[in-house]
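The values are calculated or read from the model by the stated rules, or taken from the named source; none is laboratory data. Source: prediction; values computed, not measured. Heads up, the Cβs are rebuilt from the backbone with ideal geometry, glycines too, and the neighbour counts pull from every protein chain shown.
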Amino acid sequence: MPRHPRRSAWADRVATPFPELPPATAAALAAWSFGPVLARAWGLTAVAAHLAPLPGRSANTTRRRLREFYRPGARKRGASRTELDPAARCGPLVRWLTGGRVERRVAGALGATRLGGRLTVPSAAVVYRGGAVPGAGAVLPANTPGARHPHGVALPGRVRAARGAGWQAVGFTDRGPGSPALFRAIVGGGLHPLMRIEGGAKFRPDGWARFCPVGWFARRDGDRFAMAGTADTGTRLRRPLLARRVAGCADPWRVLTDPPAAAAGPCGSARRSWVEAGFKVLTSGGWNGQRPRMTAPARASRMWVALAAAAAWPIEVGGRAEFEPRAGTVPRFRPAAGRRPHRVFRVGLGLTLAGLLAGAVRRGRLAPEPWPAPVPIPPVTEDEFLKRPTYPS
């Protein structure tokens, strides 16, 4: 049976970052990352119905071949069948998402999403131009207290092993998973953390006598604060605090980082929210996987690798359309004044489908936005701080 040229071109693209995969597994991974682009869904039946006409196979035959991808090796047909190890795919996927960068810098974010009420997925994602692609993750049963925390702590080390030495990396976390163990894991993984903390936590700068609620810092529009000290969030952690309030924002940014305190701006941690846009691509905003029928975490974790590869394709195509000049007859997708009229994924998906209609597989390139420049912030004494009329004594 002849191979479909566009599907074959994408299979060659997927095989490049995963050279160690057996040919059959690489072909299945390419099919599972090609199918959602056509079907706008990642259900087995929907993907099979859209892929079957390309090589001229029946939908039932295509369905059986796709199902072999996520089944355990012992359940597969034939002899010497292997199964995909999601943990081992972390390295190739992260190198794919960070390859070709002139500056060896990467921004990642830790977060979690839920697939229906059945599964929870803690992930470490590479954030990129308003979106994110999960580079490492684990699929766990939902509603299991404490189950995701050990996996979240292990993710920074997996990303560091995948990335290699010589990279400058920032790791964003939201206030939900903020814990000393996670913070130390991020630092130990070679990342510079920016961990957002609750307004009810307390902080004592070095040289001060008392702990102050972090809600006291950066209360006025335009205020900035950066000092090393000790944070008390239930357990004490000695790290610098960065705080800034921007006009028009409902709440200021208050994050814990590692030395030096002026190495990053707290508003840079807003990029952590991009990981939510990345999760939306895999669920209601892209592949419609918010209510999966799959309940086995091991099988879903193999599917997570394919969905990440499927999301990387439109995102890298849309990102290229944003930073490269285009002909005047084509709408410009570059954001104006920091705002994007369309998500990079949405732009890339449209360009990818248009390319397939024209008989070509569009290729992108992941070129990140400029790194935010640090802004020196002078320290303040305790007396100067407490004498300000906007702060309680």
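Name the single residue that is farthest from residue 247 (Cα to Cα) among those in the range 207-223 being exposed (fewer than 11 other Cβ atoms within 10 Å of the Cβ) and modelled with pLDDT of 90 or more.
Within the range 207-223, the match that is farthest from residue 247 (Cα to Cα) is 209.
Look at the range 207-240 and say how many of its residues are under 28 Å from the mean Cα position of the chain (by Cα), hydroxyl-bearing (Ser, Thr, Tyr) and not in a loop (DSSP other than H, G, I, E, B).
Matching residues across the range 207-240 total 0.
Provide a single number: the residues in the range 140-156 that are of a type in the set (Gly, Ala, Ser) and outside any helix (DSSP H, G or I).
Going through the range 140-156 one residue at a time, the tally reaches 3.
Is it true that residue 204 is assigned to a strand (DSSP E or B), modelled with pLDDT of 90 or more and over 24 Å from residue 110 (Cβ atoms)?
Judged against the criteria, residue 204 is a match.
I need the full set of residues from the range 179-211 which are under 20 Å from residue 387 (Cα atoms) and without any contact (Cβ under 8 Å) to a residue 40 or more places away in the chain, in order please.
Once the filter is applied, which keeps residues that are under 20 Å from residue 387 (Cα atoms) and without any contact (Cβ under 8 Å) to a residue 40 or more places away in the chain, the range 179-211 yields 202, 203, 204, 206, 211.
Has the range 236-257 got at least one residue that is acidic (Asp, Glu) and either within 22 Å of residue 181 (Cα to Cα) or modelled with pLDDT of 85 or more (or both)?
no
Give the residue that is modelled with the lowest pLDDT, with candidates limited to residues of the range 258-275 that are more than 23 Å from the chain's Cα centre (by Cα) and surrounded by fewer than 20 Cβ atoms within 10 Å (Cβ to Cβ).
Looking at the filtered set, the residue picked out is 262.
Name the residue, out of 139, 126, that is touching a Gly at 6+ places or on another chain (Cβ under 9 Å), at pLDDT 80 or above and at negative phi.
After applying the criteria, what remains is 126.
Which residue, of 209, 201, 226, is more than 18 Å from residue 174 (Cα to Cα) and touching a helix residue (DSSP H, G or I) at 6+ places or on another chain (Cβ under 6 Å)?
226
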